[in-house]
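Some notes on the structure that comes next.
Every number in this text was worked out from the coordinates using simple rules, so none of it is lab data. Owing to the predicted nature of the structure, the values given are computational and were not obtained by experimental measurement. With ideal geometry, Cβ positions are generated from the backbone for all residues, glycine too; neighbour counts draw on all protein chains shown.
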Amino acid sequence: MSTIPDALKEIVVFIFIKGSGGEDEAIGTGFFVGVVDKHRKKGAFPYLVTARHVLTDRQGRYYPDIYIRMNKISGGSEIIRVPLSGEGALPIYKHVDEKVDIVVLPVRPRDDVYQYRVLTDNMISTREQFVEAGIREGDEVFFTGLFASFFGAERNYPVVRFGRVAMLPQERIPWKGEMLSLYLIECQSFGGNSGSPVFFYLGVARDPLSFIWSGPKFLLMGIMKGSFLEPNEVQLVDRSRIPVSFENAGIAAVVPAYYLHEILFSEELKRARASAK
């Protein structure tokens, strides 16, 4: 695989909540996408994307606020409050299928203050693009996200993890009591990786007419959901009890990017963009 462009790391931000003691607690990863404004020619509408479960507590309720940490152009980083309830709360856009673990927030950080990029909508795979790309098991993938053990004291440093496509089922698979549409990749994910953008590496493209080789091509595969865990029996001296531990199976679940594309181009969001000043 080719080296990873800086731009695919600069779309990533880290998501925090306030802990019980008021401290900032890192809980996951988000990334920025942009939908090109084809009518008003004002660039792109930016959105913050993450997994829905990152923004909810154990009861499935949204946190009243989240905080995103962004690198500053002048150096260092800053934590920005994003209200999800009460006055000034941002709308939370979801898929019509309630089982889809993706949320989209209309967050627009100042581009003269913060150092970030947006992933343009032409890099988000639709159902048709996925078929055309001919993705198969064994193809290379990677994701960028928060590494809980070290994510930077002064600035954000996303970790990049690599793997391969493990399974592309055409039917729903079981995940914690639900049947979901997921891609599976041979790559471990851990706490903090949820919400990370996962990319297909499509290799080096060639123009069939001129035989000119271009640079590496990347396509958003989806949003990291988490890893499958395997139960393992733990032996104790007291054999009257059989406790169980869970180990990472080395297979991660990814919510397909076409769901994100469908949210971004839903009638609800198209109306919101049309009414924006």
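Scanning residues 5 or more positions from residue 226 or on other chains, those with amide H under 5 Å from its amide H are 253, with H placed 1.01 Å from N in the peptide plane.
For the Cα trace of region 60-149, dividing Rg by the Kirkwood Rh returns an Rg/Rh value of 1.02. Once the Cα-Cα distance is subtracted from the 0.36 nm per residue extended length, the residue 38 to residue 81 segment shows a gain of 12.5 nm. Kindly state, to the nearest 0.05, the FRET efficiency for residue 132 paired with residue 176, given R0 = 22 Å and r defined as their beta-carbon distance. The formula returns an efficiency of 0.10 here.
If you keep only loop residues by DSSP, which trypsin sites (Lys or Arg not before Pro) in region 157-191 have at most 11 other Cβ atoms within 10 Å of their Cβ?
Numbers: sites: 161, 164, 172, 176; in loops: 172, 176.
Sparse-neighbourhood loop trypsin sites (Lys or Arg not before Pro): 176.
Each principal axis of the Cα cloud of region 94-137 was evaluated for its coordinate range; sorted largest first, these ranges are 41, 26, 17 Å.
In a Debye calculation with equal point scatterers on the alpha-carbon sites of region 7-275 and no solvent, what is log10 I(q)/I(0) at q = 0.11, 0.15, 0.16 Å⁻¹? With one equal scatterer per Cα and no solvent, log10 I(q)/I(0) is -0.65, -1.18, -1.33.
Label-to-label distance, residue 273 versus residue 160, with points set 7 angstrom from Cα along the beta-carbon direction: 2.9 nm.
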